[in-house]
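Q: First, the structure itself, so that you have it in front of you.
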Amino acid sequence: AFNSGDDIHTITASQVFNLPVDMVTPQMRSRAKAVNFGIVYGIGAFSLAKDIGVSNKEAKQYIDNYLAHYSGVNDYMQKMIDLAKDKGYSETLFHRKRYLRAFGERVARNMPIQGTAADIIKIAMVKVDDRLAKENMKSRLILQVHDELIVEAPEDEAQKALEIVTEEMENACKMK
């Protein structure tokens, strides 16, 4: 789905709910999105149920269906846990380390993904800020919220600022 530009959450919903893509409802997509992000962050059935408004049993079924369909995800998460136990830390793609203590398994699973995402948005922030300055624009990067960058721009620079932000965020890191 990533390589072909398809919507990853719709594809996941289609596969987890065993339906054709054109039968996936917005609610199914939303639930699949919660599962996509929740599982890699170590969410359990109780928290997922609360987040998406379903029973614990239904949430557990979503998680089980997801992990059955995407068996590589579970293998990857276990590998991250085992690696972190051996090394005493978990690390991002850019080798930023987080040393582990009692909550180590959740961090070991979460750090390589969420930490790398944080690294990427920081790289994008630097690139956007440098580019705005290099192009002598009045537009300024003012805030980062999760995976979003907020730029304040005069109206006559808004389109150019949008193009710069889009280009620099999309090219902050190239991955397969």
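Q: Between Arg106 and Asp75, how high is the FRET efficiency from 1/(1 + (r/R0)^6) when r is the Cβ-Cβ distance and R₀ = 25 Å? Nearest 0.05.
A: On the way: r = 17 Å, r/R0 = 0.70.
Computed FRET efficiency for Arg106 and Asp75 comes out at 0.90.
Q: Another question, then. If I build a Gaussian network model for the chain, linking alpha-carbon pairs within less than 10 angstrom, which residue out of Asp75, Asp156, Asp51 has the largest mean-square fluctuation?
A: Result: Asp156 has the largest fluctuation of those listed.
Q: So how strong a dipole does the chain carry about its Cα centre when Lys and Arg Cβ are +1 and Asp and Glu Cβ are -1, to the nearest 20 debye? Before the final figure, lay out each step's value.
A: Working: 24 positive and 25 negative charges, 190 e Å.
Value, rounded to 20: 920 debye.
Q: Between Leu48, Leu100, Leu19, where does the largest GNM mean-square fluctuation fall for the chain, given springs only between Cα atoms within less than 10 Å?
A: Its mean-square fluctuation being the largest, the pick is Leu19.
Q: If the only charges are +1 at each Lys and Arg Cβ and -1 at each Asp and Glu Cβ, what is the size of the charge dipole of region 80-147 around the Cα centre, to the nearest 20 debye?
A: Working: 14 positive and 9 negative charges, 36 e Å.
The calculation lands at about 180 debye.
Q: If you don't mind, another one. With 31 Å as the limit, write out which pairs from Lys57/Lys97; Lys57/Lys79; Lys50/Lys174; Lys33/Lys134; Lys50/Lys160; Lys85/Lys127 have Cα-Cα distances beyond it, or answer none. Each step should come with its number before you reach the end.
A: Values: Lys57/Lys97 36 Å; Lys57/Lys79 27 Å; Lys50/Lys174 35 Å; Lys33/Lys134 37 Å; Lys50/Lys160 41 Å; Lys85/Lys127 35 Å.
Result: Lys57/Lys97; Lys50/Lys174; Lys33/Lys134; Lys50/Lys160; Lys85/Lys127 exceed 31 Å.
Q: Putting +1 on Lys and Arg Cβ atoms and -1 on Asp and Glu Cβ atoms, find which of Ser55, Leu143, Pro20 reaches farthest to the positive end of the dipole of the chain.
A: Ser55
Q: Now a separate question. For all pairs of alpha-carbon atoms in region 45-176, what percent lies in each bin of width 10 Å, listed from the first bin to the last filled one?
A: All Cα pairs, binned at 10 Å, distribute as 11, 27, 27, 22, 12, 1 percent.
Q: Have a look at Ser30, Leu83, Leu132 and report the one farthest towards the positive end of the charge dipole of the chain, computed about the Cα centre with Cβ charges (Lys/Arg +1, Asp/Glu -1).
A: Leu83
Q: How big is the Kirkwood radius of region 42-90, worked out from every pair of different alpha carbons and given in Å to one decimal? Mind showing how you got there, number by number?
A: Details: mean 1/r = 0.0836 Å⁻¹.
After inverting the pairwise mean of 1/r, the radius is 12.0 Å.
Q: Among Asn136, Asn36, Asn56, which one shows the highest mean-square fluctuation when the chain is modelled as a Gaussian network with alpha-carbon springs under 10 Å?
A: Its mean-square fluctuation being the largest, the pick is Asn136.
Q: Next question, about the same structure. For region 77-117, which whole percent of the accessible surface, found with a 1.4 angstrom probe, sits on carbon and sulfur atoms? Please list the in-between numbers first.
A: Working: 1330 of 2560 Å².
Result for region 77-117: 52 percent of the exposed heavy-atom area is carbon or sulfur.
The values are calculated or read from the model by the stated rules, or taken from the named source; none is laboratory data. Everything numeric in this text was worked out from a predicted model, so none of it was measured. Glycine also receives a Cβ, built like all others from the backbone with ideal geometry; neighbour counts cover every protein chain displayed. For the accessible areas, the whole protein counts, side chains as well, though only heavy atoms, and no ligand, DNA or RNA atoms are used. Shrake-Rupley method; radii C 1.70, N 1.55, O 1.52, S 1.80 Å.
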